[in-house]
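What follows is a short report on a single structure.
The values are calculated or read from the model by the stated rules, or taken from the named source; none is laboratory data. The model shown is predicted, which means the values in this text are computed figures rather than measured ones. Cβ: placed from backbone, ideal geometry, glycine included. Neighbour counts: every protein chain shown. Accessible surface areas use protein heavy atoms only, side chains included; no ligands, DNA or RNA. Shrake-Rupley method; radii C 1.70, N 1.55, O 1.52, S 1.80 Å.
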Amino acid sequence: MGLTGGIGSGKSEVARRLAARGALVIDADLIAREVVEPGTPGLAEITATFGAAVLRPDGALDREALGKIVFTDPAQLKALNAIVHPKVGARVAELQAAAPDDAIVVYDVPLLAENNLAAMYDKVIVVDADDLTRLTRLTTTRGMTPEDAQSRIAAQATRETRLAIADIIIDNNGPLASLDAQVAELWHELTHVTS
């Protein structure tokens, strides 16, 4: 299963709930962090492309500094994706190969729609929230400025694009209790299909 949603939609909350129910969640964001750890070829390529200003004093990637570059310039974002995505893909393939045959594997992929990856999955699950809800979450829970939050939202696929590839939509405009009920229903559907 491919799991996606725009920044601030609550996709990670859904992934956590599916993992708690027994799904093997492969988190593309975590892998993306792993492939740019200090000492990796990924970080070396990023530094060569964007300069030492994207490094913290300890040599780790300064994600905020890099974000300010790539989320305001589509060409720079494309350059970053060209470095990171192939490395993420290789690591995902390793994890998939190691998964038990009967596992329900959920790929948590923020940029699934942007990278036209829907065909790779048996089903695509989209966690959806309107832009105002997402903006509010990003500014209140993540401490982003409204401008940074809007530029990140604008750098991703539109809601309409994500919803167009969805086999299953989880509406996350409401309270967590509603999210819990939807995930429970989804888990029932997934386990019913695979059993």
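Annotations for the structure displayed:
- The magnitude of the dipole of segment 26-155, with charges of +1 and -1 set on the Cβ of Lys/Arg and Asp/Glu and taken from the Cα centre, is near 320 debye.
- Total charge dipole magnitude, segment 86-195, about the Cα centre, Cβ charges on Lys, Arg, Asp, Glu only, Debye to nearest 20: 420
- Three-way shape label, segment 1-68, alpha-carbon gyration tensor, a/c 1.5: prolate
- Charge dipole of segment 1-118 about the Cα centre (unit charges at C-beta), most positive-ward option of A103, V92, A75: A75
- Summary of the geometry: segment 1-19 and segment 31-90, compared by the centres of their Cα atoms, lie 23 Å apart.
- Per residue, the chain exposes 53 Å² of accessible surface when a 1.4 Å probe is rolled over the protein heavy atoms with every protein chain present.
- In the chain, the portion of solvent-accessible area held by carbon and sulfur atoms comes to 55 percent [1.4 Å probe, whole percent, DNA, RNA and ligands not counted].
- At 0.890 mPa s and 25 °C, Stokes diffusion of the chain via Kirkwood alpha-carbon radius, µm² per second: 139
- Residue among R56, R134, R33 with the largest mean-square fluctuation in a Gaussian network model of the chain, springs linking Cα atoms under 10 Å: R56
- Percent RCO, i.e. relative contact order, over the chain, from Cα pairs under 8 Å lying at least 6 residues apart: 36
- Gyration tensor over alpha-carbon atoms, segment 75-162, equivalent ellipsoid semi-axes in Å: 27, 17, 13
- Per-residue [θ]222 nm for the chain (sum of -39500 (n - 2.57) over DSSP H runs n ≥ 4, rounded to 500): -16500 deg cm²/dmol
- Residues D27, D128 ordered from highest to lowest accessible area at a 1.4 Å probe: D27, D128.
- Projecting the Cα atoms of P41, A28, G51 onto the charge dipole of segment 1-99, computed from C-beta unit charges around the Cα centre, puts A28 farthest toward the positive end.
- DSSP bridge orientation in the chain - percent antiparallel, rounded to nearest 5: 5
- Sequence of K11, K123, K78 when ordered by accessible area, the most exposed leading, probe 1.4 angstrom: K78, K123, K11
- Solvent accessible area, Å² - H188, 1.4 Å probe, full protein context: 120
- Straight-distance crosslink candidates among aspartates and glutamates, where the alpha carbon sits under 20 Å from K68 and sequence neighbours closer than 8 are dropped: D29, E37, E45, D58, E114, E147, D148
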